[in-house]
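Worksheet for the structure shown next.
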Amino acid sequence: MADKKIIAVVGATGAQGGGLVQAILDDPDGPFRVRALTRDPHGEKGKQLASRGAEVVRADLDDPGSLRPAFRGAHGAFCVTNYWEHFSPEKELSQATNLAEAAKAEGLKHVVWSTLEDTRRWVPLDDDRMPTLMGAYKVPHFDAKGEADLAFASRGVPTTFLLTSFYWDNLIHFGMGPKPGPDGKLAFTLPMGDKKLPGIAAGDIGRCAYGIFMRGSAYAGKTVGIAGAHLTGAKMAASLEKALGREVVYNAVTPEVYRGFGFPGADDLGNMFQFKHDFEREFCGARKLDESRALYPALQNFDTWLAANKARIPLE
Ligand code: NAP
């Protein structure tokens, strides 16, 4: 145990980090052991992680003083921020910067930073195809992550920039599953027209990160995009119909209509889907299916994910 290299996992109690924790625990003969970071080591999830064999330590991304000891002695770290907890791109950038500073100060050999595109590189703020949000962003929960890439790169932290994809779990937890329309038929709403949406099982992101740590620091400095499938809304509806045994129609609304849905973050997500629609070739091209599967050979596709999770999708 003592000769194993420590991977410090931010977001260990969450979807992405949780997948990596599980991958490390599932490979007891592998080269790594896991240090799970959480704000609340004595909470239910923290205690559960400890009972499964993880070292659990307290760390808060808003408290730089807590990050250095949490990274001390580690070989690597998985770094993720949770935009949806505060809806502030500035806070997300500041948290990522705290992570990069701690990683540099503690001399980590390999960091995997869970990032997304800074969409302003493709859609400058004066491009009025979509509204500018919060005065400085097109897709706030993407842009700050992409901007934060530089926090790692400029400090010389050996970082793999991991471009993630839409979680299929959003159909369970984010209210994005099919809903009955006035005619009783289930409608799957997505503003993607006939373009393909790269998607993934959220837990598989951490599994792919494990594959990156296994490949070692040769992956430092690289950008790696992952997805379990690239699917149109029509294809997703067809898979849902087959899995649920009920008719599901694809409801391809416009991004403008989606932005107007009014739930918190609807404008951000409307812009996000429009970006994925308008830049389908680049966005899918950055997330290669064969490379993703090479990192984690048991990577789920939408049908295998549905087979395991269909009963968890709320249909009301
Ligand atoms: P999650 O399951 O919602 O859990 C959030 C995790 O972040 C928890 O483990 C939490 O730890 C940790 N965390 C949050 N604030 C923290 C802080 N101040 N200090 C320390 N830990 C903190 O998270 P997730 O889904 O794995 O990741 C969220 C990110 O994924 C978001 O930024 C989102 O934009 C991105 N993303 C989402 C999708 C999607 O389709 N939904 C796709 C790609 C990327 P504790 O509570 O235990 O401290």
In segment 55-74, residue nearest to the ligand (Cβ to nearest atom) [restricted to those that are closer than 26 Å to L163 by Cα and either buried (at least 18 other Cβ atoms within 10 Å of the Cβ) or of a type in the set (S, T, N, Q) (or both)]: L61
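Does G156 qualify as being more than 18 Å from V80 (Cβ to Cβ), of a type outside the set (S, T, Y) and at pLDDT below 95? Give the steps one after another, and end with the answer.
Working: more than 18 Å from V80 (Cβ to Cβ): yes; of a type outside the set (S, T, Y): yes; at pLDDT below 95: no.
No, not satisfied.
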Test E101 against the criterion of being at pLDDT 95 or above and more than 18 Å from the chain's Cα centre (by Cα), and give yes or no. yes
Could you check how many residues of segment 289-313 are farther than 19 Å from G206 by Cα and not aliphatic (A, V, I, L, M)? 3
Subset of segment 233-281 (residues that are farther than 27 Å from A308 by Cβ, aliphatic (A, V, I, L, M), touching a residue at least 24 places away in the same chain (Cβ under 8 Å) and surrounded by fewer than 17 Cβ atoms within 10 Å (Cβ to Cβ)): V257
Total residues in segment 163-221, condition open to solvent by 40 Å² or more (accessible area, probe 1.4 Å), closer than 18 Å to T115 by Cβ and touching a Ser or Thr at 6+ places or on another chain (Cβ under 8 Å): 2
Answer with yes or no whether R293 is basic (K, R), open to solvent by 40 Å² or more (accessible area, probe 1.4 Å) and farther than 20 Å from I172 by Cα. yes
What number goes with the only condition from (1) within 16 Å of the ligand (Cβ to nearest atom); (2) open to solvent by less than 10 Å² (accessible area, probe 1.4 Å); (3) within 30 Å of A218 (Cα to Cα) that T159 does not pass? (1)
Long-range neighbours under 7 Å by Cβ, at least six apart or interchain, first residue on the phi < 0 side of the Ramachandran plot within segment 128-139, second among the acidic types (D, E) and open to solvent by 30 Å² or more (accessible area, probe 1.4 Å): P131/D267; L133/D267
Mind checking which residues of segment 34-54 are more than 9 Å from the ligand (Cβ to nearest atom) and among the hydroxyl-bearing types (S, T, Y)? S51
Selection status of A105, at negative phi and free of Cβ contacts under 8 Å to residues at least 40 places away in the same chain: yes
List the number of the failed condition for A100; all other conditions in (1) within 10 Å of the ligand (Cβ to nearest atom); (2) buried (at least 16 other Cβ atoms within 10 Å of the Cβ) hold. (1)
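The values are calculated or read from the model by the stated rules, or taken from the named source; none is laboratory data. Computed from a predicted model, the values in this text were never measured in an experiment. Here the Cβ is made from the backbone with ideal geometry for all residues, glycine too, and neighbour counts use every protein chain on show. Heavy atoms of the whole protein, side chains included, go into the accessibility calculation; ligands, DNA and RNA do not. Shrake-Rupley method; radii C 1.70, N 1.55, O 1.52, S 1.80 Å.
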